Amino acid sequence: MANIINGKEISAAIRAEIAEQTKEMTSRGITPGLAVVIVGEDPASKVYVRNKKRACEEVGFLSEEYALPEETTQEELLALVDRLNKDEKIHGILVQLPLPKHLDSELIIANIDPKKDVDAFHSFNVGRIMIGDYDFLPCTPAGVMELLSRSGIEVSGKECVVVGRSNIVGKPQAMLLLHANGTVTICHSRTKDLASVCRRADILVVAIGKADFITGDMVKPGAVVIDVGMNRREDGKLTGDVDFATVEPVASYITPVPGGVGPMTITMLLKNTLKAAQLQGK
Ligand code: NDP
């Protein structure tokens, strides 16, 4: 029987710490401000944006939402980013991805001031993460590291396997585990004999977007299993990339879906925004 890592509880504890620090900052005249920009009508993105706004308000941040129509042009979006870059009330800017196809996401992100890039997607911040000298970490991998450390799980010297190599989860996750002195292997769709690589892992982080893909026979007894995946089943239920029913009896620690990594992502966004406000307030 594995210990269940409760992302909701850990997230609530971190949000309480952030609210406390926000109160103190606000009393000194600086209220952390986050601007969230959404273009178009993607229902999932709208839910994320609503949740981010609510989370900001709960910890006492200023939160601004810019909901732009689907037909917004590149020039219009760049003009908004430029205005937010210059707005002293706004310390963090988040452009909700994916953007409609006619907009160049990379160009938009490249135009966010790196000091306000609280998603840590700007290539300047990505480079700093590689070097290990950073102000912001991408929210989901940072959330995973918090889950590990607040559950008392030591990474140093451990065999860590990350399944998935996306720029927003897999690659930065591998880098953060490496910074924590893990011995890291990254797997992807061309990895040969994925099961045997996964079975080497003391810490297995899965981010592939395939429901219940990692099964108990792919996991070393006693491993820590972190499930980043968020997939909708046909019945509408949310499920991870890890088959909880067969992996939980084998693992020592496991994150559930929902209630594991998910709640940490917005919490890390709040943490980055607070840090941005602290740095810009200096
Ligand atoms: P991407 O689709 O960008 O990347 C998926 C990765 O998984 C790719 O590197 C791909 O390999 C790899 N992959 C796909 N199939 C296999 C396979 N059969 N075997 C091994 N590797 C495979 O996804 P994201 O990283 O954006 O997201 C991954 C999951 O995490 C999704 O379910 C997403 O919803 C979830 N997510 C959850 C968040 C949260 O807050 N909890 C935040 C962000 C994402 P290749 O590169 O070779 O194609």
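The values are calculated or read from the model by the stated rules, or taken from the named source; none is laboratory data. Note that this is a predicted model, so its numbers are computed, not measured. A quick note on method: Cβ atoms are made from the backbone with ideal geometry, for glycine too, and the neighbour counts reach across all protein chains shown. With ligands, DNA and RNA removed, areas are computed over all heavy atoms of the protein, side chains included. Shrake-Rupley method; radii C 1.70, N 1.55, O 1.52, S 1.80 Å.
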Considering residues that are in a loop (DSSP other than H, G, I, E, B) and free of Cβ contacts under 8 Å to residues at least 60 places away in the same chain, the number found within region 219-230 is 7
Going through (1) assigned to a loop (DSSP other than H, G, I, E, B); (2) of a type outside the set (V, I, T); (3) touching a Cys at 6+ places or on another chain (Cβ under 7 Å) one by one, P100 fails only at (3)
Residues in region 163-213 that are surrounded by fewer than 19 Cβ atoms within 10 Å (Cβ to Cβ), near the ligand (Cβ under 8 Å from one of its atoms) and not in a loop (DSSP other than H, G, I, E, B) total 1
When region 248-261 is checked residue by residue, the ones that are within 16 Å of the ligand (Cβ to nearest atom) and either modelled with pLDDT under 95 or open to solvent by less than 20 Å² (accessible area, probe 1.4 Å) (or both) are I254, T255, G259, G260, V261
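Looking only at region 220-235, filter to residues that are away from the ligand (no atom under 15 Å from the Cβ) and buried (at least 24 other Cβ atoms within 10 Å of the Cβ); which one of those is farthest from P263 (Cα to Cα)?
The initial filter retains those residues of region 220-235 that are away from the ligand (no atom under 15 Å from the Cβ), namely 220-224, 234-235.
If we keep only those that are buried (at least 24 other Cβ atoms within 10 Å of the Cβ) too, we end up with 223-224.
Numbers: A223: 22, V224: 19 Å.
Within region 220-235, the match that is farthest from P263 (Cα to Cα) is A223.
Just a yes or no: is a residue in region 36-51 hydroxyl-bearing (S, T, Y), farther than 28 Å from K23 by Cβ, in a helix (DSSP H, G or I) and at pLDDT below 95?
Taking region 36-51 first, the residues hydroxyl-bearing (S, T, Y) are 45, 48.
Then drop every residue that is not farther than 28 Å from K23 by Cβ, which leaves 45.
Narrowing the set further to residues that are in a helix (DSSP H, G or I) leaves 45.
Among the residues that remain, those that are also at pLDDT below 95 are: 45.
Checking region 36-51: at least one residue is hydroxyl-bearing (S, T, Y), farther than 28 Å from K23 by Cβ, in a helix (DSSP H, G or I) and at pLDDT below 95.
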Quick check on T239: is it β-branched (V, I, T) and surrounded by fewer than 18 Cβ atoms within 10 Å (Cβ to Cβ)?
no
- S63 among the polar types (S, T, N, Q) and touching a helix residue (DSSP H, G or I) at 6+ places or on another chain (Cβ under 7 Å): yes
The lone condition I90 fails out of (1) part of a loop (DSSP other than H, G, I, E, B); (2) modelled with pLDDT under 95; (3) open to solvent by less than 40 Å² (accessible area, probe 1.4 Å) is (2)
With criteria (1) away from the ligand (no atom under 11 Å from the Cβ); (2) touching a residue at least 60 places away in the same chain (Cβ under 8 Å), G216 comes up short on (2)
Among residues of region 20-34 being assigned to a helix (DSSP H, G or I) and open to solvent by 30 Å² or more (accessible area, probe 1.4 Å), the residue farthest from E58 (Cα to Cα) is S27
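When region 144-162 is examined, which residues are found to be touching a residue at least 60 places away in the same chain (Cβ under 8 Å), within 14 Å of the ligand (Cβ to nearest atom) and either among the basic types (K, R) or touching a Leu at 6+ places or on another chain (Cβ under 9 Å) (or both)?
Within region 144-162, V144 is the sole residue that qualifies.
Mind counting the residues in region 103-131 that are part of a helix (DSSP H, G or I) and either touching a Cys at 6+ places or on another chain (Cβ under 9 Å) or among the small types (G, A, S) (or both)?
Going through region 103-131 one residue at a time, the tally reaches 4.
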Residue pairs within 6 Å by beta carbon, gap of at least six or interchain, first lying in region 60-77 and of a type in the set (V, I, T) and buried (at least 17 other Cβ atoms within 10 Å of the Cβ), second at pLDDT 95 or above and not in a helix (DSSP H, G or I), listed first then second, are T72/V39
